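The values are calculated or read from the model by the stated rules, or taken from the named source; none is laboratory data. Just so it is clear, the structure is predicted and the values come from calculations on it, not from any experiment. Here the Cβ is made from the backbone with ideal geometry for all residues, glycine too, and neighbour counts use every protein chain on show.
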Amino acid sequence: MRFSESGIPGAWVIEVEPVGDARGSFARVFCEEEFARHGIETRYRQHSISRSASRGTLRGLHFQLPPHQETKVVTCLRGAIYDVCVDLRPGSPTFKQWRAVELTGENQRRFVIPEGCAHVFQALTDDAEVLYLISTNYNAGASSGVRWDDPAFGVSWPLPVAIMSDRDRAWPPFTG
């Protein structure tokens, strides 16, 4: 695995290094020792999958409130997504900044979203399937979010937003 800094402290882009032969390929996608060496959480209590049926679908900006903050490792299994991390940590040098990575079933990249950051993605293809490794159990009372189009962040979206949940559409603007 190759680990690249994204420009937001703790948010890493991980590229797998498949080894191939006539049968296909094999790649390691998680190694506790390598994750720990880069300061990345190594214990994931939940593994979840989402499927976005239509190109342009947007999911987020989501995060968990303290003390239920979570680290996510995001992988696109099928299709393609524009995956975004927004730094909501007031003491961070990149507070209110965002970074995006295109994750696809083909490139097999992973994007680490650290605690204290919000996560959102837009499906770039129909039938995009996303796997999340999540460090804490979901807590409905700690679930929160901010507007996907908040000018405090200025995230640039590659496609017009086609579909979004009512809940995501109703998140308040950022006030931090």
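Within the stretch 64-103, the set of residues being charged (D, E, K, R) and crowded, with 21+ Cβ neighbours inside 10 Å comprises 70, 72, 83, 87. Look at the stretch 135-154 and say how many of its residues are surrounded by fewer than 17 Cβ atoms within 10 Å (Cβ to Cβ) and outside any loop (DSSP other than H, G, I, E, B). Within the stretch 135-154, residues that are surrounded by fewer than 17 Cβ atoms within 10 Å (Cβ to Cβ) and outside any loop (DSSP other than H, G, I, E, B) number 5. Test residue 106 against the criterion of being surrounded by fewer than 13 Cβ atoms within 10 Å (Cβ to Cβ) and closer than 26 Å to residue 30 by Cα, and give yes or no. When the stated conditions are applied, residue 106 passes them. Summed over the stretch 123-153, residues that are more than 25 Å from residue 41 (Cα to Cα) and in contact with a Lys or Arg (Cβ under 9 Å, 6 or more places away or on another chain) total 10. For first residues located in the stretch 28-53 and over 16 Å from residue 10 (Cα atoms) and modelled with pLDDT of 95 or more, partners that are among the charged types (D, E, K, R) and surrounded by 11 or more Cβ atoms within 10 Å (Cβ to Cβ) and lie 6+ apart or on another chain with Cβ distances below 6 Å form the pairs 51/129. Just one residue in the set 15, 5 is under 24 Å from residue 85 (Cα atoms), out of contact with any Lys or Arg (no Cβ under 8 Å at 6 or more places or on another chain) and at pLDDT 95 or above; that residue is 5. Among the residues of the stretch 14-63, those identified as buried (at least 18 other Cβ atoms within 10 Å of the Cβ), in contact with a Phe, Trp or Tyr (Cβ under 8 Å, 6 or more places away or on another chain) and assigned to a strand (DSSP E or B) are 14, 58, 59, 60, 61.
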